[in-house]
Structure formats: C-alpha cells, structure tokens
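Structure first, then comments.
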Amino acid sequence: MRKSELQLLVNWGDTDVAGIVYYPNFFKWFDIAGHHFFRNAGLSPHFLAKEKSIILPMLDAQCTFEHALHYDDELTIKTEVSELNRKTIKLRHEIYVDGKRAANGYELRGWVEKKPDGTISAVLIPEEIRVLLMEEKTEKRDSRSHPLFNA
C-alpha cells in the first residue's frame, strides 16, 4: 500500500507547562501527515473538494502514546494505507524521534460527495483511486496535473 514520510519539528507552542508535547498535538500531526499523504498521492484534499466535490471527513481517530516528546524534537511521521474499504480509507501513522517510535495510531476517513445543495453522502471510492492508493509508491505529484483528473 502507498506510504509517505513527513519531518516536523516540535515547536514551543506544542508543549505544556512541563515542556512535554500536549497530547492533542499528536492528532494535529496525524491530520497534517494525512493531508501530506494525499497530496503526495496526487489527491490534494483541496483539489478534490473544489474540482471533484469529494471531501475526506474524519470518522474515527486513535493514538497510542509510547513515550514523551519535547520542544525541538525532530519527528518523522510515517503514514500508510492500512485498510481500503468501499467508502473509507484508514491511514496508519507512526511518529518517530531519533529512530524510536513515540506514538502510533490511525485516522479513518470517508470518501464523501458534497452535492450542490449542500448535502453530503458517502460514495464508492473509484477503482482508479483504489489502484492508486494500493501502489507501493511515495512519489510526489501535483494533483492539478494528475492524469486521473485531466478528463
């Protein structure tokens, strides 16, 4: 399945009074890594929403914290598709610092169509998107020039 990696630096504002990363930031980083993942796959969420009326809402998220992170830690977030169902995509995230895993978890996102009247409904993930997400690649692409969307 498709994978990506993202490097981030822990900022002062990410920490609590004890200098330890405040737990909601792990979910923020999962979200950032998820958007990075989709952009690298040529499926920018902004492009999907604007040009294809597809949104990727969060349905569920989970994180297991393995050890504390601190200000100025250099993080590597590894993201990959762990499940691809008819209407949902599960991304698994692992956060590393100095080669040691600090946290792991997932995001479950829906493949949802936003209609002109403002209603939304889950729709089947198209086969060409399923194939793209199952590829063993991490190359960067610009979704505006992606061949799947030039029709």
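The values are calculated or read from the model by the stated rules, or taken from the named source; none is laboratory data. These figures come from a predicted structure and were not determined experimentally. We place every Cβ from the backbone using ideal geometry, glycine too, and count neighbours over all the protein chains shown.
Assorted remarks:
- Checking each residue in the range 3-28 for being within 30 Å of residue 134 (Cβ to Cβ) and either assigned to a strand (DSSP E or B) or modelled with pLDDT under 95 (or both) picks out 3, 4, 5, 6, 7, 8.
- Strands (runs of 3 or more DSSP E) (entirely within the range 90-137) containing at least 2 residues that are touching a strand residue (DSSP E or B) at 6+ places or on another chain (Cβ under 8 Å), of a type in the set (Phe, Trp, Tyr) and closer than 22 Å to residue 60 by Cβ: none
- Selection status of residue 69, surrounded by 14 or more Cβ atoms within 10 Å (Cβ to Cβ) and without any contact (Cβ under 8 Å) to a residue 60 or more places away in the chain: yes
- Looking across the range 1-28, the residues that are surrounded by fewer than 16 Cβ atoms within 10 Å (Cβ to Cβ) and over 27 Å from residue 112 (Cβ atoms) come down to 7, 9, 11, 12, 13, 16, 17, 18, 19, 20, 22, 23.
- Single unsatisfied condition, residue 83 versus (1) in contact with a strand residue (DSSP E or B) (Cβ under 7 Å, 6 or more places away or on another chain); (2) at pLDDT below 95; (3) exposed (fewer than 15 other Cβ atoms within 10 Å of the Cβ): (2)
- Residue that is nearest to the chain's Cα centre (by Cα) [pool: residues in the range 29-74 that are among the small types (Gly, Ala, Ser), within 26 Å of residue 114 (Cα to Cα) and not in a strand (DSSP E or B)]: 34
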